[in-house]
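The values are calculated or read from the model by the stated rules, or taken from the named source; none is laboratory data. Keep in mind the model is a prediction, meaning the values are calculated, not measured. Note that we place each Cβ from the backbone using ideal geometry, even for glycine, and neighbour counts take in every protein chain shown.
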Ligand code: NDP
């Protein structure tokens, strides 16, 4: 029997990147999955990827929704319950480093940008946790939150609002994990490092070619990524699935797993030592 057989999972931000890879993995390992995002075309891309993996159509629903709106959150939950009757797993993955509408950067970014950043990367997770809680209490379910190595402790002067929202998400997750474990609900966090997704297109305003070149150049510098390559979404999806799998990770509660190819363990001054990149 596949490890997620009879489980029902909601994966937010699954119209692209890490969320898409996670939805494909959970579904191909037996879960019934609700996929969601605002962009219906990209969401259809995820649906097709899941079907291509051999998953039955009846194990899947697509819900176009903005996760920052109460309506979107409610629709996601009610559609899942209506179709599958319960919720076992919530992956709070939707997140973006939202560019400033007036082109301001770093600590000059507007307060509007600051608020939007917290609304998406933190508030929507808090709201989804509150709303899904009674359903997860019934199934003794799991929540996995997707944070970032930007959460610290290293400073992130180029993205202070995004990184602060992710740092707040980490501390919220630890606190909520201890609050909810008494109801049998487990919460854990994955902190990805550099991952080849649409993230850099949105956050850094790069086109597809520039984005690929950015990720390749990061991977080629061992003082940025000691593993010698930039992660694919699947590298992060497998860690998320581990934390969503009660049998595999039952005794892990309120923890953060960093999956960054070693990035956070190297310091700037290491760049002055001739580290050799591993052969891949
Ligand atoms: P992508 O840009 O590829 O995917 C982001 C996903 O979030 C999309 O499916 C997007 O869907 C969804 N999303 C964004 N805003 C909203 C919204 N308001 N309502 C609903 N869905 C929304 O990026 P990644 O896959 O890289 O990002 C996934 C997570 O990983 C994020 O939390 C990100 O912060 C984190 N992360 C990524 C890293 C990386 O290097 N890629 C590094 C560290 C962390 P749509 O546009 O259709 O609404």
- Item | Failed item, numbered, when residue 197 is tested on (1) more than 8 Å from the ligand (Cβ to nearest atom); (2) assigned to a loop (DSSP other than H, G, I, E, B); (3) buried (at least 16 other Cβ atoms within 10 Å of the Cβ) | (1)
- Tally, over segment 212-233, of residues that are within 11 Å of the ligand (Cβ to nearest atom), surrounded by fewer than 20 Cβ atoms within 10 Å (Cβ to Cβ) and either free of Cβ contacts under 8 Å to residues at least 40 places away in the same chain or over 21 Å from the mean Cα position of the chain (by Cα) (or both): 2
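Residue under question is residue 9, and the condition is that it be without any contact (Cβ under 8 Å) to a residue 60 or more places away in the chain and crowded, with 22+ Cβ neighbours inside 10 Å; does it hold?
Considered against the rule, which asks whether it is without any contact (Cβ under 8 Å) to a residue 60 or more places away in the chain and crowded, with 22+ Cβ neighbours inside 10 Å, residue 9 comes out as no.
Within the bounds of segment 201-219, is there any residue that is modelled with pLDDT under 95 and within 22 Å of residue 69 (Cβ to Cβ)?
yes
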- Message: So if I check each of 59, 71, which one is more than 11 Å from the ligand (Cβ to nearest atom), free of Cβ contacts under 8 Å to residues at least 24 places away in the same chain and at negative phi?
- Response: 71
- Residues that are more than 23 Å from residue 142 (Cα to Cα) and either in a loop (DSSP other than H, G, I, E, B) or modelled with pLDDT under 95 (or both), drawn from segment 42-70: 53, 54, 56
- Item | Hits in segment 1-41 (condition: farther than 21 Å from residue 125 by Cβ and part of a loop (DSSP other than H, G, I, E, B)) | 1, 2, 3, 4, 5, 6, 29, 30
- Item | Filter result for residue 125 (within 11 Å of the ligand (Cβ to nearest atom), assigned to a loop (DSSP other than H, G, I, E, B) and modelled with pLDDT of 95 or more) | no
- Query: within 13 Å of the ligand (Cβ to nearest atom) and either touching a helix residue (DSSP H, G or I) at 6+ places or on another chain (Cβ under 6 Å) or in contact (Cβ under 8 Å) with a residue 12 or more places away in the chain (or both), is that true of residue 87?
  - Reply: no
- Would you be able to say whether some residue in segment 156-170 is modelled with pLDDT of 95 or more and either touching a strand residue (DSSP E or B) at 6+ places or on another chain (Cβ under 7 Å) or assigned to a strand (DSSP E or B) (or both)? yes
- Which ones in segment 208-266 are closer than 15 Å to residue 150 by Cα and in a helix (DSSP H, G or I)? 263, 264, 265
- Item | Qualifying position, being under 23 Å from residue 3 (Cβ atoms), within 13 Å of the ligand (Cβ to nearest atom) and either modelled with pLDDT under 95 or surrounded by fewer than 20 Cβ atoms within 10 Å (Cβ to Cβ) (or both), among 181, 257, 252, 236 | 257
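Residues are listed down the side, and each one gets a yes or a no for (1) under 22 Å from residue 248 (Cβ atoms); (2) buried (at least 18 other Cβ atoms within 10 Å of the Cβ); (3) more than 16 Å from the ligand (Cβ to nearest atom); (4) within 14 Å of the chain's Cα centre (by Cα):
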position	(1), (2), (3), (4)
2	yes, no, yes, no
16	no, yes, no, yes
21	yes, yes, no, yes
27	yes, yes, no, no
30	yes, no, yes, no
35	no, yes, no, yes
39	no, no, no, no
46	no, yes, no, no
- Mind listing whichever residues of segment 83-119 are out of contact with any strand residue (DSSP E or B) (no Cβ under 8 Å at 6 or more places or on another chain) and in a loop (DSSP other than H, G, I, E, B)? 96, 97, 98, 99, 100, 101, 102, 103, 104, 105, 109, 110
